[in-house]
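**Q** To start, I am sharing the structure in question, which I have written as structure tokens.
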Amino acid sequence: MPAGLFLTFEGLDGSGKSTQCRLLRDRLAARGYPVTATRQPGGTRMGDSIRGLLLDSRKESPSPHTELALMFADRAQAVSEVIRPALEEGHIVLCDRFTDSTEAYQGGGRRLGSRIVLELHGLLCGGLQPDLTLLLLPDFDRCLARARQRNARAAGATGQDENRFEAEDSAFFRRVFEAYREIARREPGRVVEFGEGSIEEIHRRIAETVEPRLAAVRG
Ligand code: ADP
Ligand code: TYD
């Protein structure tokens, strides 16, 4: 088993994952813990190319199965190139989205079901499981509005388009939301849910949740 600690952030677009991931990374690094922060899709050179294929709404849309395969192509590379090596060195790995995203978006949103996702995870990622998953589920409409606003700002500033998923209708995101709730019900020991709250409030609750797990990691 890898020696480090593997923490993932999950939730709808705009739920605050990247913000909370950054705050936790800074807090842990300030206390001297070795931390590797990464995200999916992306986080490797190959993954960044795959991210462009998946998210740019100006490019042609992949079929649901192609989308699923690309998510796992990205993840298999990230697991072998970044996540496993960092865990083996004893790092705390913070990953902004992991396989729960695929189960929620492709399994739930695209209606491919959980089974194919979990089977591919076992086959392509060696079944690597997070030690703890921080699932951010604030108000549904508020987080989607925030994601759309943020993407519009980024598109204005950089010309980059990451809008493919944000263009989906709210029925799609309702299915994603429900799939996340189902994962949390299925795995209460791994998945901890966080609802509404200010950025600082959620950060404080996350820090409290993570604290007892740190004893296993050398600071
Ligand atoms: P995600 O990575 O889940 O898409 P982000 O961390 O990028 O979400 O947050 C999306 C936007 O919402 C950002 O502009 C961020 O500052 C804002 N935001 C994040 N968390 C909160 C919160 N708890 N309350 C209000 N705004 C938030
Ligand atoms: P991300 O950059 O985390 O978006 P956001 O910051 O808006 O939450 O992820 C990009 C999109 O990719 C997001 O809409 C969710 C989607 N996605 C999947 O559909 N399946 C997956 O397995 C992953 C990792 C992401």
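The values are calculated or read from the model by the stated rules, or taken from the named source; none is laboratory data. Since the structure is predicted, the reported quantities are computational estimates derived from the model, not experimental observations. So basically every Cβ, Gly included, is an ideal-geometry build from the backbone, and we count neighbours across all protein chains shown. Quick note on the areas: whole protein, heavy atoms, side chains included, nothing else; ligands and nucleic acids left out. Shrake-Rupley method; radii C 1.70, N 1.55, O 1.52, S 1.80 Å.
**Q** Along the principal axes of its C-alpha atoms, what lengths does segment 5-218 span, in descending order and rounded to whole Å?
**A** 46, 38, 37
**Q** Once the whole set of protein chains is in place, how much accessible area is left on residue 48, using a 1.4 Å probe, in Å² to the nearest 10?
**A** Roll a 1.4 Å probe over it and residue 48 shows about 80 Å².
**Q** Using DSSP, restrict attention to beta bridges with both residues in the chain and report what percent are antiparallel, rounded to the nearest 5.
**A** Given both bridge residues lie in the chain, the antiparallel proportion sits at roughly 0 percent.
**Q** Please identify the trypsin sites (Lys or Arg not before Pro) of segment 24-124 that satisfy two criteria: DSSP loop assignment and at most 11 other Cβ atoms within 10 Å. Which are they?
**A** Here the trypsin sites (Lys or Arg not before Pro) that fit, given the DSSP loop and packing criteria, are 31, 58, 111.
**Q** Filter the GluC sites (Glu not before Pro) in segment 71-102 to those in DSSP coil with at most 14 other Cβ atoms within 10 Å of their Cβ, and list the result.
**A** 89
**Q** Helix-only mean residue ellipticity at 222 nm, the chain, DSSP H runs n ≥ 4 weighted -39,500 (n - 2.57), per residue, nearest 500. What is it?
**A** Value at 222 nm, helices only, nearest 500: -15500 deg cm²/dmol.
**Q** Where in the chain are the DSSP H helices whose alpha-carbon span along the long axis reaches 20 Å or more and whose Kyte-Doolittle mean is at least -1.0?
**A** Qualifying helices, which must be both long enough and hydrophobic enough, are 64-78, 140-158, 170-186.
**Q** As an exercise, identify the GluC sites (Glu not before Pro) in segment 180-212 lying in DSSP coil whose Cβ has no more than 16 other Cβ atoms within 10 Å.
**A** 196
**Q** Within the set of other residues whose C-beta is less than 13 Å from the C-beta of residue 36, count the net charge using Lys and Arg as +1 and Asp and Glu as -1.
**A** After counting each charged neighbour, the total is -1.
**Q** In the neighborhood of residue 202, defined by Cβ-to-Cβ distances under 12 Å, what is the net charge if each Lys or Arg adds +1 and each Asp or Glu adds -1?
**A** -2
**Q** Next question, about the same structure. Can you give the Rg and Dmax of segment 98-212 based on its C-alpha atoms, in angstrom?
**A** 15.6, 42
**Q** Note down the net charge around residue 137, summing +1 for each Lys or Arg and -1 for each Asp or Glu among other residues with Cβ under 13 Å from its Cβ.
**A** -3
**Q** Can you tell me the dipole magnitude for segment 5-218 around its Cα centre, using point charges on the Cβ only (Lys, Arg +1; Asp, Glu -1), in Debye to the nearest 20?
**A** For this selection, approximately 160 debye.
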